[in-house]
1. Do we find that residue 53 is part of a loop (DSSP other than H, G, I, E, B) and among the basic types (Lys, Arg) in this structure?
2. Could you list, in sequence order, all residues of the stretch 40-58 that are open to solvent by 50 Å² or more (accessible area, probe 1.4 Å) and either touching a residue at least 12 places away in the same chain (Cβ under 8 Å) or of a type in the set (S, T, N, Q) (or both)?
3. Counting only residues that are without any contact (Cβ under 8 Å) to a residue 40 or more places away in the chain and in a helix (DSSP H, G or I), which one in the stretch 11-20 is nearest to residue 77 (Cα to Cα)?
4. How many residues does the stretch 67-82 contain that are open to solvent by 90 Å² or more (accessible area, probe 1.4 Å) and in a helix (DSSP H, G or I)?
5. Just checking, does the stretch 21-32 include any residue being touching a strand residue (DSSP E or B) at 6+ places or on another chain (Cβ under 8 Å) and outside any helix (DSSP H, G or I)?
6. Can you name the residue in the stretch 1-31 that is within 13 Å of residue 87 (Cβ to Cβ) and not aromatic (Phe, Trp, Tyr) and, of all such residues, is surrounded by the fewest Cβ atoms within 10 Å (Cβ to Cβ)?
7. Could you please tell me which pairs satisfy a Cβ distance under 6 Å, a separation of 6+ or placement on different chains, a first residue in the stretch 78-89 that is at pLDDT below 90, and a second residue that is in a helix (DSSP H, G or I) and of a type in the set (Ser, Thr, Tyr)?
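The values are calculated or read from the model by the stated rules, or taken from the named source; none is laboratory data. Keep in mind that what you see is a predicted model, and the values were worked out from it rather than measured. Cβ atoms come from the backbone with ideal geometry, glycine included; neighbour counts cover every protein chain shown. Areas reflect the complete protein model, heavy atoms only, side chains present, ligands, DNA and RNA absent. Shrake-Rupley method; radii C 1.70, N 1.55, O 1.52, S 1.80 Å.
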Amino acid sequence: MNNRELDSEIANGYVSIDSLKEFRDAEIYGTATPMQWLEKRLRILEKLNKEGRGLRVFDGTTYIVIQEKSEFYKWCATVFPDAYKSFFSERADGE
């Protein structure tokens, strides 16, 4: 999957199986540039969620619909534990 396709999905609040694989690959690689790439895309999804848009995301097993901020943070914590700790844990814990 190329970045244009992935970014188009994300802009529509969608994370496909292929997108999830790209996200996980970035997290597993774990260096600054892939993590920044991942953060940028997760922040887009976070913003859409905060604006009240539902997200349809793959969680590694099935597609789920995320409506609430807490659901978004739970998905991040479960699917991307390192990214969650780096980018969202303080914010999610404080809400």
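1. Working: part of a loop (DSSP other than H, G, I, E, B): yes; among the basic types (Lys, Arg): yes.
The answer is yes for residue 53.
2. Within the stretch 40-58, the first condition is being open to solvent by 50 Å² or more (accessible area, probe 1.4 Å), and the residues that meet it are 40, 43-44, 47, 50-53, 56.
Matches in the stretch 40-58: 43, 44, 50, 53, 56.
3. Looking only at the stretch 11-20, we keep the residues that are without any contact (Cβ under 8 Å) to a residue 40 or more places away in the chain, and these are 11-12, 18-19.
Checking which are in a helix (DSSP H, G or I) leaves us with 11, 18-19.
Values: 11: 21, 18: 19, 19: 17 Å.
The residue in question is 19.
4. In the first step, residues of the stretch 67-82 are kept if they are open to solvent by 90 Å² or more (accessible area, probe 1.4 Å); the result is 67-68, 74, 78.
Add one more test, that the residue is in a helix (DSSP H, G or I), and what stays is 74, 78.
Summing the residues that are open to solvent by 90 Å² or more (accessible area, probe 1.4 Å) and in a helix (DSSP H, G or I) in the stretch 67-82 gives 2.
5. First, the residues of the stretch 21-32 that are touching a strand residue (DSSP E or B) at 6+ places or on another chain (Cβ under 8 Å): 23.
Right, trim to outside any helix (DSSP H, G or I) and you get none.
No, the stretch 21-32 contains no residue that is touching a strand residue (DSSP E or B) at 6+ places or on another chain (Cβ under 8 Å) and outside any helix (DSSP H, G or I).
6. Just the residues of the stretch 1-31 that are within 13 Å of residue 87 (Cβ to Cβ), to begin with: 23, 26-27.
Still in the list and also not aromatic (Phe, Trp, Tyr): 26-27.
Values: 26: 21, 27: 19.
Among them, the one singled out is 27.
7. Here the result reads 88/73, each pair linking the stretch 78-89 to a residue that is in a helix (DSSP H, G or I) and of a type in the set (Ser, Thr, Tyr).
Every residue, every condition in (1) farther than 17 Å from residue 74 by Cβ; (2) modelled with pLDDT of 95 or more, yes or no:
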{"position": "27", "(1), (2)": "no, no"}
{"position": "30", "(1), (2)": "yes, no"}
{"position": "34", "(1), (2)": "yes, no"}
{"position": "41", "(1), (2)": "yes, yes"}
{"position": "44", "(1), (2)": "yes, yes"}
{"position": "47", "(1), (2)": "yes, yes"}
{"position": "57", "(1), (2)": "no, yes"}
{"position": "62", "(1), (2)": "no, yes"}
